[in-house]
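Read the structure below first, then the notes.
The values are calculated or read from the model by the stated rules, or taken from the named source; none is laboratory data. Just so it is clear, the structure is predicted and the values come from calculations on it, not from any experiment. Please note: Cβ atoms are built from the backbone with ideal geometry, for glycine as well, and neighbour counts cover all protein chains shown. SASA here: full protein model, heavy atoms, side chains in, ligands and nucleic acids out. Shrake-Rupley method; radii C 1.70, N 1.55, O 1.52, S 1.80 Å.
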Amino acid sequence: MGDFTPALTGHGIDRDDHTRADPARLARMKGRDDAQLMRLDGLMPLIETGALTYAPFAETPQDCETVYLGLKDGAPTFVPVPGVGDARQALEQRANRAVIMQLGPRDLAIYAGARSIVDWHARHRFCANCGAPTTIAKGGWQRDCSKDAGGCGVMHFPRTDPVAIMLVEHNGDLLLGRGHGWLERNYSALAGFLEPGESLEEGVSREVFEEAGVTVSNVSYVASQPWPFPSQLMIGCHGFASGRELVIDTTEMEDVRWFTREEVAEAMANAPDGKAFRAPPKEAIAHTLLAWWLAQGGQD
Ligand SMILES: [Zn+2]
């Protein structure tokens, strides 16, 4: 078995939760000589020689909200909240691709988490319950509706939106699809947001039936990945289809097809320029899932 740990995980920061909730302790962290602030331009990191860069925390402007990420190699590490967020998906943001290509695995994981939380702050400056302004709280892991400003005082927490992403197989073949507007010959695992009132297994079954008309059973969990464009948790699953006849929902999918194990192996070996199709990039959990599936060597 190889290493099937998805990209964007493993940042290795001690989240130091006890400090978040303790204002005096948080102030002491900010006052330490080694306290540092990630250098961002809006939501984009300032990168030097392939690495994230940090300024001394003491140089933080007075009116800048900051999120306490925790202790990075022992140093209290903060991220500035930008003036505006960006709720678009990664595909619509070309600059993100350049960042992903430049950063090493650990810095990419650190940046991804930092980006997701500060983006949430930038887009939640007002209470969803009453419309009053919100203020940053708990070291940046909460926002409170401001009672001082006449608000209702409700607490708001950072969002993580669960998405099921699944490999569905039948007699050793794998079901993959492509959405509208994707780059030519790109195919990936089917995926969809989980909805209130359904389990992970139910979400997998519903999405596959909606998008491809295939009934799935024996759903199992494989691996997960936080995805910061803007705040998904990708939950990788595997399941078996009861048949191979497809009814494709063309409003959601441009194409859904069965691929043989040989086609998947060839596409992954030659990523991104496989003959059968273009496999997802290694930063995507779909890539991890395909590598995992190939390593299983056929299960039925
Ligand atoms: Zn409120």
Q) Do you know which residues across segment 27-59 are over 26 Å from F229 (Cα atoms) and surrounded by fewer than 19 Cβ atoms within 10 Å (Cβ to Cβ)? A) A27, R28, K30, G31, R32, D33, D34, P56, A58, E59
Q. Within segment 171-187, can you find the residues that are of a type in the set (A, V, I, L, M) and open to solvent by 20 Å² or more (accessible area, probe 1.4 Å)?
A. L183
Q) Of all the residues that make up segment 144-165, how many are under 25 Å from the mean Cα position of the chain (by Cα) and over 24 Å from L194 (Cβ atoms)? A) 1
Q) So I47 fits all but one of (1) within 20 Å of K138 (Cβ to Cβ); (2) over 20 Å from the mean Cα position of the chain (by Cα); what number is the exception? A) (1)
Q) Could we say that V79 is open to solvent by less than 40 Å² (accessible area, probe 1.4 Å) and closer than 21 Å to D22 by Cα here? A) yes
**Q.** Some residue of segment 65-72 being open to solvent by 30 Å² or more (accessible area, probe 1.4 Å), touching an Asp or Glu at 6+ places or on another chain (Cβ under 9 Å) and of a type in the set (D, E, K, R)
**A.** yes
Q | Residue check for I117: under 12 Å from F229 (Cα atoms), surrounded by 15 or more Cβ atoms within 10 Å (Cβ to Cβ), of a type in the set (A, V, I, L, M) and assigned by TED's automatic domain parsing to the domain that holds A7 | A | yes
Q: Test G203 against the criterion of being within 16 Å of the ligand (Cβ to nearest atom), open to solvent by less than 60 Å² (accessible area, probe 1.4 Å) and not assigned by TED's automatic domain parsing to the domain that holds N96, and give yes or no.
A: no
Q. V168 is checked against (1) more than 16 Å from the ligand (Cβ to nearest atom); (2) within 22 Å of the chain's Cα centre (by Cα); (3) of a type in the set (A, V, I, L, M, F, W, C); (4) open to solvent by 10 Å² or more (accessible area, probe 1.4 Å) and fails just one. What number does that condition carry?
A. (4)
